Amino acid sequence: MKDDHYNEFADQPNQSNEHSGREFKAKTNEELNEENPSRLKRKQATEVQLNNPLHGVKLVQILERLVDHYGWKYLAESVNIRCFMYNPTMKSSVRFLRTTPWARAHVEDLYLDMLEELEN
């Protein structure tokens with residue numbers, strides 16, 4: 001068996017270098033809507049949603065900010081749940097908060113209080 005394998009890509013210049021000289025310009029929403037008219041049918045965020053401080057903030061981000069600001073001990077005292085008291089981790093706390101609406105509501109209230117406190 002003859003071993004005459006030729007790598008056709010080895011002799012070609014790297015194509016990513018072709019585009020490196022150009023400057024990237026993001027398209028506007030209007031341009032994207034013209035290209036793809038089905039984008040117009042998507043549900044847009046309302047003014048009420050945009051004014052809500054929880055809009056667009058993930059539960060993990062909320063918990064990280066609370067832990068950074070207050071610490072696990074304060075969270076355990078404020079929201080009486082075991083995942084904050086005994087060997088707290090982000091993974092176990094987020095899993096519990098996602099499945100327990102009352103606990104999530106308490107944590108979200110605490111987050112809103114923290115944001116209000118930081119504004120003043």
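A short reminder: the numbers here are calculations on the coordinates, not readings from a lab. Keep in mind it's a predicted model, so treat the numbers as computed, not measured. So basically every Cβ, Gly included, is an ideal-geometry build from the backbone, and we count neighbours across all protein chains shown.
By the rule of a C-alpha distance below 29 Å, with chain neighbours fewer than 8 residues away ignored, the lysines paired with K25 are K41, K43, K58.
Spin-label model, F24/R98: points 7 Å from Cα along the beta carbon direction are separated by 2.9 nm.
Put a dot 7 Å past the Cα of K73, heading toward its Cβ, do the same for L40, and the two dots end up 5.9 nm apart.
Using the Cβ of L118 as centre and a radius below 13 Å, the other residues enclosed give a net charge of -4, where K and R count +1 and D and E count -1.
Peptides 105-111, 24-30 ranked from most to least packed give 105-111, 24-30, packing being the mean of other C-beta atoms within 10 angstrom over each peptide's residues. For M90 and L112, the difference between the fully extended length at 0.36 nm per residue and the C-alpha to C-alpha distance is 6.0 nm. Using Cβ point charges alone (K and R +1, D and E -1), the dipole size of region 23-106 about the Cα centre works out to roughly 500 debye.
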